[in-house]
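The values are calculated or read from the model by the stated rules, or taken from the named source; none is laboratory data. Predicted model only: the values in this text are computed from it and were never measured. Please note: Cβ atoms are built from the backbone with ideal geometry, for glycine as well, and neighbour counts cover all protein chains shown.
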Amino acid sequence: MTIRFYNTLTRRKEPFAPIVPGEVRMYSCGPTVYNFAHIGNFRAYIFADLLRRHLKNRGYRVTQVMNITDVEDKIIRTCNETGEPLQTLTERYTQAFLDDLDTLGVERAEHYPRATDNIGAIVDLIKRLLDKGYAYEAKGSIYFRLSAFPGYGKLSHYDTDTLRAGASGRVDHDEYGAEDVRDFALWKAYDAADGAVYWDTELGRGRPGWHIECSCMSMAHLGESFDIHTGGVDLIFPHHENEIAQSEAATGKPFVRYWLHNAHLLVEGRKMAKSLGNTYTLRDLLDMGHHPLAIRYVLLATHYRQPNNFTFDALEAAAESLERVRDFRARVQALADTANGGGRMADLAAECGDAFNAALDDDLNISAALAAVFTFIRESNKLLDAGEADGDGASAAEAMLNRAHAVTGLFPEPNADEGAPQEIWRQVLERQEARKRKDFARADAIRDELAQSGWIIEDTPKGPRVKRSFEHRA
RNA sequence: GGCGGCAUAGCCAAAUUGGUAAGGCAGAGGCUUGCAAAGCCUUGUACUCCCGGUUCGAGUCCGGGUGCCGCCUCCA
């Protein structure tokens, strides 16, 4: 078993080997907290989640750090517009972000450092760069001197000479003092428009630039060289390029071994844009009645380097797919205590487990991994139909699905939260009585009634089974 | 203008180093069922965006086109 990842640095799939055997240190670029994150943002976090879960599943001890950017131009602008203090705004949206991660079943990273809690360390790092001649002061701001760092461009594969200043039309006016337009700010001198947002430091009054916090906080928690850095493709340039420049200039050591970037999310085949009205937050989708697991499924099920076309059809299909797995789990659970030889299903479970892991080892090929699960379910359902499944096979199947759930977060055990209350069972029993009397009109009426309140009855050879309908589940 | 990515059935989406197109959802028919549900079987000749080329063989490689998406100094 060799895990392979596509490394943006080399533009190739490479065998993965961490710096310290058995231990993976990874950093994931996190949110800027001035608003609710949208589902495109969450694709990035779910991708990082799959990565850390798979590595753990493969036996690595994982330390993941995700920054919370809580001081930045857009935050300050929002504060100026609303008059709200920076801290209360960022605290509110940080909490909303973490809540959303919980809703989507994203495992917590080990550390969520905030930029504003690390001003001292940021200042120290900038001083190091000043001392080494990689940075200079201009009009109270500190800039990184690109010309002093020859490796610049190795991640994005941009030729720095041909970068057209301001081609994106977003050049910041306060970079006016830079020696070279391509130099970027490490520290921004205080400006009246910043209001109450500033720190008085050895560098003067001002606030950190954006890129420096990631260099600072990643190295603080993970060391000067670490294994994996994740983020959206849009961050390759300039953000990650700048992180490399700052970090490697300061330490003289390679910063990160593997750079993994996720492609963006499209919505109904179009890019997400406010003008198109297709920018959805997680809360928007929940308000529309969509289930968090179905949302997770859609965001997860497309390979991370492939553009993911988020559609409402796909969301419905995801709910159905999850239902299929859930029904299968319930079926297998009901069999768990029988024991009657034969082990075909256990073999299938083992095969599926191998295929599942092998798929994810290959640059997190989640589509192939999920296909293995569904193939297993179909083959196992055949055995169940034929009465050729036994308790051992059922246990093996459950264990395998539990492992798949540990990696994907998509297949929770079905019963826990859905035990039907007493009065529901009373109606189920009443329906059974009616069926015995062949009073099918009455039986069907009860079934319809229960369906209205979100309980689905399935008649099995062993008697009725009651389950919560997907849309009625929390 | 520069750099990069993507284009596979109605929808979503996979496919080692080129080797004869996974999986899910939806639809149709059937088995099963009191009827359903769940499950199983069968079903879509998938001209793999178009046009050329290389090859015994191309979804995969090369050239050209079309469309969509991203980055080009603080957007995942």
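Candidates are the residues of segment A:307-334 that are part of a helix (DSSP H, G or I) and small (Gly, Ala, Ser); the one that is surrounded by the most Cβ atoms within 10 Å (Cβ to Cβ) is A:Ala318. Filtered by the rule that a residue be aliphatic (A, V, I, L, M), closer than 21 Å to A:Ala96 by Cα and either in a helix (DSSP H, G or I) or at pLDDT 95 or above (or both), segment A:272-297 gives A:Leu282, A:Leu285, A:Leu286, A:Leu293, A:Ala294, A:Ile295. The condition (being out of contact with any Leu (no Cβ under 7 Å at 6 or more places or on another chain) and without any contact (Cβ under 8 Å) to a residue 12 or more places away in the chain) is satisfied by just one residue among A:Thr116, A:Thr82: A:Thr82.
Residue check: A:Glu316 meets all listed conditions (1) touching a Cys at 6+ places or on another chain (Cβ under 9 Å); (2) within 22 Å of A:Gly40 (Cα to Cα); (3) without any contact (Cβ under 8 Å) to a residue 40 or more places away in the chain but one, namely (1).
Hey, can you tell me all the residues within segment A:377-389 that are in contact with a helix residue (DSSP H, G or I) (Cβ under 8 Å, 6 or more places away or on another chain) and surrounded by fewer than 24 Cβ atoms within 10 Å (Cβ to Cβ)?
Passing the criteria: A:Ile377, A:Glu379, A:Asn381, A:Leu383, A:Leu384, A:Glu388.
For segment A:238-264, filtering for residues that are under 21 Å from the mean Cα position of the chain (by Cα) and in a helix (DSSP H, G or I) leaves 2.
Rundown of residues vs (1) within 15 Å of RNA strand B (Cβ to nearest atom); (2) within 16 Å of A:Thr302 (Cβ to Cβ), yes/no style:
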{"residue": "A:Pro31", "(1), (2)": "yes, no"}
{"residue": "A:Phe36", "(1), (2)": "yes, no"}
{"residue": "A:Gly40", "(1), (2)": "yes, yes"}
{"residue": "A:Tyr45", "(1), (2)": "yes, yes"}
{"residue": "A:Leu50", "(1), (2)": "yes, yes"}
{"residue": "A:Asn57", "(1), (2)": "no, no"}
{"residue": "A:Arg61", "(1), (2)": "no, no"}
{"residue": "A:Asp70", "(1), (2)": "yes, no"}
{"residue": "A:Asp73", "(1), (2)": "yes, no"}
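Can you name the residue in segment A:2-49 that is outside any loop (DSSP other than H, G, I, E, B) and aliphatic (A, V, I, L, M) and is also surrounded by the fewest Cβ atoms within 10 Å (Cβ to Cβ) among such residues? For segment A:2-49, the residue satisfying everything is A:Val20.
Being under 34 Å from the mean Cα position of the chain (by Cα) and modelled with pLDDT under 95 is a description that does not apply to A:Arg128. Going by the structure shown, is A:Ala245 under 28 Å from A:Glu458 (Cβ atoms), more than 8 Å from RNA strand B (Cβ to nearest atom) and hydrophobic (A, V, I, L, M, F, W, C)? Criteria not met by A:Ala245. If you check A:Arg257, A:Arg205 for being away from RNA strand B (no atom under 15 Å from the Cβ), in contact with a strand residue (DSSP E or B) (Cβ under 6 Å, 6 or more places away or on another chain) and not hydroxyl-bearing (Ser, Thr, Tyr), only one passes: A:Arg257. Restricting attention to segment A:312-361, the residues being among the hydroxyl-bearing types (Ser, Thr, Tyr) and either modelled with pLDDT under 90 or not assigned by TED's automatic domain parsing to the domain that holds A:Val373 (or both) number 1.
Against the criterion of being more than 12 Å from RNA strand B (Cβ to nearest atom) and outside any helix (DSSP H, G or I), A:Tyr304 does not qualify. Looking across segment A:260-271, the residues that are near RNA strand B (Cβ under 8 Å from one of its atoms) and crowded, with 19+ Cβ neighbours inside 10 Å come down to A:His261, A:Asn262, A:Leu265.
Checking each residue of segment A:282-296 against the condition of being at positive phi and either surrounded by fewer than 17 Cβ atoms within 10 Å (Cβ to Cβ) or not charged (D, E, K, R) (or both) gives at least one match. Quick check on my filter: what residues within segment A:96-116 are more than 18 Å from A:Ala44 (Cα to Cα) and part of a helix (DSSP H, G or I)? If the condition is that a residue be more than 18 Å from A:Ala44 (Cα to Cα) and part of a helix (DSSP H, G or I), then A:Ala115, A:Thr116 are the ones that fit.
In the set A:Thr230, A:Thr251, only one residue is without any contact (Cβ under 8 Å) to a residue 60 or more places away in the chain and either outside the structural domain of A:Ile366 (by TED's automatic domain parsing) or surrounded by 23 or more Cβ atoms within 10 Å (Cβ to Cβ) (or both); that residue is A:Thr251. Given the structure, is A:Asp392 of a type in the set (Asp, Glu), surrounded by 14 or more Cβ atoms within 10 Å (Cβ to Cβ) and within 14 Å of RNA strand B (Cβ to nearest atom)? No. Among the criteria (1) under 27 Å from A:Arg305 (Cβ atoms); (2) free of Cβ contacts under 8 Å to residues at least 60 places away in the same chain, the one A:Phe97 does not fulfil is (2). Summed over segment A:141-162, residues that are within 13 Å of RNA strand B (Cβ to nearest atom) and not in a strand (DSSP E or B) total 15.
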